[in-house]
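All remarks here apply to the structure that follows.
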Number of protein chains: 2
Amino acid sequence: MTYAVTGVASGIGAELAQVLKAQGHRVLGFDIRDTAANLDRFIPLDLNDPVSIAHAVRIVGEPLDGLCNNAGLPPRLGLEETILQVNYLGTRAFTGAMMRWFRPGASVVNLASRAGQGWRDGVEQVRRLSEIRRRDDIARFIALEGIDATRCYNLSKEAVILWTIAETEAMIARGLRMNSLSPGAIATGIFGDFQKAFGEVVARNIARAGRPGTPREVAETAAFLLSPASGWIKGADIAIDGGMGAFNLSDALDLRRIGLRPEDLQP
Amino acid sequence: MTYAVTGVASGIGAELAQVLKAQGHRVLGFDIRDTAANLDRFIPLDLNDPVSIAHAVRIVGEPLDGLCNNAGLPPRLGLEETILQVNYLGTRAFTGAMMRWFRPGASVVNLASRAGQGWRDGVEQVRRLSEIRRRDDIARFIALEGIDATRCYNLSKEAVILWTIAETEAMIARGLRMNSLSPGAIATGIFGDFQKAFGEVVARNIARAGRPGTPREVAETAAFLLSPASGWIKGADIAIDGGMGAFNLSDALDLRRIGLRPEDLQP
């Protein structure tokens, strides 16, 4: 199989290239930074630049069995426009343009985030964001909505999840499929940004989970979602967060008494 | 690795045994009906009978790397009590008793259903159901709640999803993990029951999805969730429904305009 991976120079993307190569696949890597590790081809891609997106897609020139949209920016002051463009609008535009290269049955995997799990409450703002088709219109959107870098990040990930849902039926009509993957608390180079943006919630969740997750663990699941073995999973968002989503739901819904009691574990 | 699978005589369970054997694992199969296909050992188990559950667990006698709770009954008139017992209460009791055999890091996978996706609205009824610890108390619960076989089925699957969430932190404390898997429209021997119980919704969803799912597709995902490759997925419910959940969300939230437009697909 031949798979394309964005954001392949570091973190989860670099691990995914390694996992896919180890499984015997051909891997095309995209990134703003040059890399050759575990790649059959490297194609420069700046998702913040519509010209770069068009150019990168044009030079692919070979059929693909899947695409993992992994490239993304963390919540960081000053990156507001770039977060919305790279994490969502540029990724969506890149995916649309890449359709021409997909073989029948190809799988698209979008990296969302645990930070996007509030998507049910974000539908209206995502709808307004999704209307944007020109990079230059993002600054005005941010000013109108009055949102900071952390909200831009969460919004970009809510948008990825909702777009994946919204696109499901059209993907099936094209003979393709798409899912999103929502990691929580992964120990990558941008982990410090999340600790700064989300404060002690991060430390508390990691304490309950026992440890942070590893890029390798997310890469293994992304590789599974790219593979034909996951063929009936379509339009789904898969939480990969060491149980953090479940802790929060269990607290919010007060589910403790539903669980097993000590006497249920007796021989 | 050594994995236990319930409901192994047919459908998804039989496929899972085949997938796990093909991957080189040792497989212990449990069912009310005798079978030897793709199994290293067969242990008789009637989840409707607490004595059978205790006996089956006792004779396992070897360490396990995972358990797939696949056994379950479909919505069918006359099976009300048995559905709640086999699909949820008996499965929960069996899992609790099986804890003694799990190796560190073992993974439990519970087969829930697309029919359990209303779990957010079912919390209170699941809470009442979950208090039951005696098989004989189920008839009274059904009479008090005034529920039919289809509601018993949906409730049993909502309960599996909520129990999986509720148990997540305790599972981590035990060095284990548990997830649920929610298939939709799978072509197995009990498919007719679902068509009868859920009517033309089933046909409409399958038309939009293009086809029903196969037991093999669900088995491949269950095998992935049993394996260490999915190690950071804990307390999650994974939809495997060919996009049906996404269609319904997209309709309900009116997400169409979020998707790609024809001009977005142009080179």
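The values are calculated or read from the model by the stated rules, or taken from the named source; none is laboratory data. Treat the numbers as computed from the prediction; the structure is a model and nothing was measured. Backbone-built Cβ (ideal geometry, glycine too); neighbour counts: all protein chains shown.
Summary table
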item	result
Given (1) closer than 27 Å to residue A:241 by Cβ; (2) in contact with a helix residue (DSSP H, G or I) (Cβ under 8 Å, 6 or more places away or on another chain); (3) touching a residue at least 24 places away in the same chain (Cβ under 8 Å), index of the condition residue A:193 fails	(2)
Within region B:139-161, tally of residues that are within 10 Å of residue B:129 (Cα to Cα) and small (Gly, Ala, Ser)	2
Residue in region A:58-80 that is over 28 Å from residue A:22 (Cα atoms), modelled with pLDDT of 95 or more, within 20 Å of the chain's Cα centre (by Cα) and not in a loop (DSSP other than H, G, I, E, B) present	yes
Whichever residue in region A:258-267 is surrounded by fewer than 22 Cβ atoms within 10 Å (Cβ to Cβ) and at the interface with another protein chain (Cβ under 7 Å from one of its Cβ atoms) and, among such residues, is nearest to residue A:118 (Cα to Cα)	A:259
Qualifying residue in region A:228-251 (condition: more than 9 Å from chain B (Cβ to nearest Cβ), of a type in the set (A, V, I, L, M, F, W, C) and out of contact with any Leu (no Cβ under 7 Å at 6 or more places or on another chain))	no
Output for region B:215-267, where each listed residue is small (Gly, Ala, Ser), part of a helix (DSSP H, G or I) and within 16 Å of residue A:130 (Cα to Cα)	B:250
Within region B:195-227, considering residues that are more than 10 Å from chain A (Cβ to nearest Cβ) and among the β-branched types (Val, Ile, Thr), the one farthest from residue A:249 (Cα to Cα)	B:206
Selected residue (criterion: nearest to the chain's Cα centre (by Cα)) from residues of region B:155-188 that are in a loop (DSSP other than H, G, I, E, B) and at the interface with chain A (Cβ under 10 Å from one of its Cβ atoms)	B:184
Residue match in region B:193-212 (condition: under 17 Å from the mean Cα position of the chain (by Cα), more than 16 Å from residue A:171 (Cβ to Cβ) and surrounded by 21 or more Cβ atoms within 10 Å (Cβ to Cβ))	yes
Per-region count, region A:108-137, residues surrounded by fewer than 21 Cβ atoms within 10 Å (Cβ to Cβ), β-branched (Val, Ile, Thr) and assigned to a helix (DSSP H, G or I)	1
Qualifying residue in region B:93-100 (condition: of a type in the set (Phe, Trp, Tyr) and over 19 Å from residue A:252 (Cβ atoms))	yes
Residue match in region B:122-138 (condition: in contact (Cβ under 8 Å) with a residue 60 or more places away in the chain, within 14 Å of chain A (Cβ to nearest Cβ), of a type in the set (A, V, I, L, M) and in contact with a helix residue (DSSP H, G or I) (Cβ under 9 Å, 6 or more places away or on another chain))	no
Selection within region B:80-99 - closer than 18 Å to residue B:115 by Cβ, within 12 Å of another protein chain (Cβ to nearest Cβ) and of a type in the set (S, T, N, Q)	B:91
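Residue by residue, here is whether (1) out of contact with any His (no Cβ under 8 Å at 6 or more places or on another chain); (2) part of a helix (DSSP H, G or I); (3) within 14 Å of residue A:94 (Cα to Cα) holds:
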site	(1), (2), (3)
A:9	yes, no, no
A:12	yes, yes, no
A:39	yes, no, no
A:53	yes, yes, yes
A:56	yes, yes, yes
